[in-house]
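Beneath this line is the structure, given in structure tokens, with notes to follow.
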Amino acid sequence: MEYVLRTDNLTKAYGKNIVVDGVSMHVEKGAIYGFIGKNGAGKTTFMRMVAGLAAPTNGTMELFGAQNLERQRTHIGCLIESTGIYANMTAKENMEVIRRQLGIADRQSIEKIIDFVGLNGAGKKKVKHFSMGMKQRLGIAIALFRNPDFLILDEPINGLDPEGIIEIREMLLQLNREQEITILISSHILGELSKIATHYGIIREGILADEFAADTLKERCRRCHKIIVDNTELAVNILEEKLHIVNFDVPEQNLIRIFEKLDETEYTNKALITGGVNIKESSLAGQNLEEYFMELLSGKK
């Protein structure tokens with residue numbers, strides 16, 4: 001497995017206050033990693049450490065498989081908290097300042113990036129008159145200036161209207177799929193994040209509580225009729241032969257999950273009981289993504 005970012009026990013404390021507590025994160029190359037946590041959970045502080053904007057108190061990290069962080073950070077683009085935008089300048093003037101700071105000779109790169117993020121119509125409008133969406137676009141443009149292989153975005157869709165959210169989403173998907181940029185993104189809009197993320201990390205009170213792939217998330221949230229029986233073999237035979245149910249699994253002994261005919265659970269239970277199966281528990285399980293995320297964030301799972 002090739003990782004763009006791997007941390008081991010990364011910790012940040014301010015005095016006795018531990019903000020990030022022993023986080024071991026794994027961001028695979030090519031992933032869109034959704035970083036989820038409540039306000040104050042430690043997301044921004046963790047991202048700042050990865051970007052080199054804050055020094056860890058403890059722990060180590062690797063970027064692109066190496067610990068030469070200063071060199072490897074030249075391949076990172078960041079949009080974390082303040083983007084360092086000059087409010088009395090236009091988008092292009094801001095980009096020109098960044099171009100000179102980074103020592104980039106190609107002035108045409110400004111036009112290319114401005115066009116890509118959809119700010120080519122901003123003209124001479126000063127940034128102080130930009131909408132929230134336009135400011136976020138400019139922040140992403142600045143983050144893209146060095147043609148990064150890894151993009152770190154802290155709440156890039158926060159405060160945007162639905163149209164702006166869709167536009168940013170499509171932009172990130174294009175960067176990931178066409179330019180093969182790995183993305184670490186935090187967001188409170190969990191439903192929207194689920195439309196693009198390939199992997200997730202859940203942080204609670206500074207601790208990385210869980211990491212999982214999007215496929216795992218779908219499986220965990222999949223609706224099913226969950227039954228616990230005393231005779232699995234007999235129950236499976238009845239499901240297949242009498243009820244003609246084939247979309248089910250047996251993840252562990254005595255537990256059966258049925259993924260079809262969820263509006264006929266009473267009929268299914270009756271057929272099993274009539275056939276000699278003792279049902280110890282029967283319930284509908286699974287939930288939507290928002291509900292699942294909220295339970296994870298609250299520590300109920």
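Here is how the numbers come out for the structure above:
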quantity: D (Stokes-Einstein, µm²/s), Kirkwood Cα radius, region 48-105, 1.306 mPa s at 10 °C; calculated: 117
quantity: Accessible area of residue 92 in the full protein assembly, 1.4 Å probe (Å², nearest 10); calculated: 80
quantity: Residue-span extension gain [residue 295 to residue 219] - 0.36 nm each, minus C-alpha spacing; calculated: 25.8 nm
quantity: With all protein chains modelled, accessible area of residue 14 [1.4 Å, Å²]; calculated: 120
quantity: Interchain or long-range residues, amide H under 5 Å from residue 248's placed H; calculated: 259
quantity: Whole-Hz couplings from phi, Karplus 6.51/-1.76/1.60, listed for region 251-263; x for Gly and Pro; calculated: x, 7, 4, 6, 10, 10, 10, 9, 10, 9, 6, 6, 8
quantity: Distance histogram in 10 Å bins (all Cα pairs of the chain, percent per bin); calculated: 6, 24, 26, 19, 13, 8, 4, 1
quantity: Kirkwood-based shape ratio for region 53-170, expressed as Rg/Rh from alpha carbons; calculated: 0.99
quantity: Choice from 246, 20, 97 with maximal GNM fluctuation in the chain (Cα, 10 Å cutoff); calculated: 246
quantity: P(r), alpha carbons of region 188-301 - 5 Å bins starting at zero, rounded %; calculated: 2, 10, 20, 19, 12, 11, 11, 9, 4, 1, 0
quantity: Largest-first principal axis extents of the Cα set of region 159-206 (Å); calculated: 34, 27, 14
quantity: Proximal aspartates and glutamates relative to residue 218, as straight alpha-carbon distance under 20 Å, when same-chain residues fewer than 8 apart are discounted; calculated: 28, 192, 210, 249, 252, 260, 290, 291, 295
quantity: Cα-based Rg and Dmax for region 32-74, where Dmax is the largest Cα-Cα distance (Å); calculated: 11.5, 32
quantity: Fluctuation leader among 110, 207, 279 - the chain, Gaussian network, Cα springs under 10 angstrom; calculated: 279
quantity: P(r) histogram, all alpha-carbon pairs of region 153-244 included - 10 Å bins from 0, percent; calculated: 12, 33, 24, 12, 15, 4
quantity: Gaussian network model of the chain, Cα within-10 Å springs - most flexible of 155, 163, 192; calculated: 163
quantity: Cα-only Debye scattering, region 234-275: base-10 log of I(q)/I(0) at q = 0.15, 0.20, 0.34 Å⁻¹; calculated: -0.31, -0.56, -1.43
quantity: Per-pair calculated FRET efficiency, R0 = 51 Å: residue 16 and residue 247 via Cβ, rounded to 0.05; calculated: 0.45
quantity: Positive minus negative residues near residue 1 (Lys, Arg vs Asp, Glu; Cβ under 10 Å); calculated: 0
quantity: Helix-derived mean residue ellipticity, 222 nm - over the chain, DSSP H n ≥ 4, -39500 (n - 2.57), to 500; calculated: -10000 deg cm²/dmol
quantity: Only Lys, Arg (+1) and Asp, Glu (-1) charged, at Cβ; region 54-136 dipole about Cα centre in debye; calculated: 400
quantity: Cross-link table 29/124; 38/124; 195/261; 16/43; 112/195, entries beyond 30 Å C-alpha to C-alpha; calculated: 29/124; 38/124
quantity: For residue 153, solvent-accessible area (1.4 Å; no DNA, RNA or ligand), Å²; calculated: 0
quantity: Ranking by accessible area, most exposed first, for 234, 184 with a 1.4 Å probe; calculated: 234, 184
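The values are calculated or read from the model by the stated rules, or taken from the named source; none is laboratory data. It should be emphasised that the depicted structure is a prediction, and the values quoted were computed from it without experimental measurement. Glycine also receives a Cβ, built like all others from the backbone with ideal geometry; neighbour counts cover every protein chain displayed. Areas reflect the complete protein model, heavy atoms only, side chains present, ligands, DNA and RNA absent. Shrake-Rupley method; radii C 1.70, N 1.55, O 1.52, S 1.80 Å.
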